[in-house]
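To start, the structure itself, in structure tokens.
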Amino acid sequence: MDCIFCKIVKGDIPSNKIYEDDKVLAFHDISPEAPIHFLVIPKEHIKSANDINENNSHIISHIFLVINKLVRELNIAETGYRIVNNCGKDGGQTVDHIHFHVLGQRDLKWSPG
Ligand code: AMP
Ligand code: ZN
């Protein structure tokens, strides 16, 4: 399958990894929107939030535990951060392998426009 994030999981495309275990991978976004901007993805190819189900939702909850650990390590747990999942065309999803953006270390604005 021609999926850029599956290629990152396999190591065919390099990434700036910050965390890895048997289920998930976290790496810095190549085009950061904040001083801290990393992505957390499942190693398994799940296309989008539409494809979360009873069989794979444990991976999604694990992603949130990993985010909880990483924001502490990166010292943004107390100052705050934003977790973003873009889903589908109107959501602005550009890579069809589910991923959670974590943005921090600046005063993020709302709304998304
Ligand atoms: P989205 O628009 O929510 O689908 O987010 C896709 C994100 O993946 C964007 O923020 C891109 O900058 C990021 N991205 C695309 N290719 C790479 C790559 N090779 N390494 C790291 N981040 C990437
Ligand atoms: Zn994939």
Quiz item: Hey, what's the Cα Rg ratio for the chain versus the globular rule of thumb, 2.2 N^0.38 Å?
Solution: 1.03
Quiz item: What number comes out for the charge environment of residue 88, summing +1 per Lys or Arg and -1 per Asp or Glu over other residues with Cβ under 13 Å away?
Solution: -1
Exercise. Output the lone cysteines of the chain: those with no second cysteine's C-beta under 4.7 Å from their C-beta.
Key: 87
Practice problem: Sum up the lysine pairs in segment 4-104 that clear both bars: alpha-carbon distance under 23 Å and a spacing of 8 or more or different chains. | Solution: 17
Self-check item: Cα-based helix-to-principal-axis angle, 57-73 vs the chain, degrees rounded to 10
Solution: 30
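Just so you know, all these numbers are worked out from the coordinates, no wet-lab data involved. Bear in mind that the values here come from a model prediction, so they are computed numbers and not experimental data. Cβ atoms come from the backbone with ideal geometry, glycine included; neighbour counts cover every protein chain shown.
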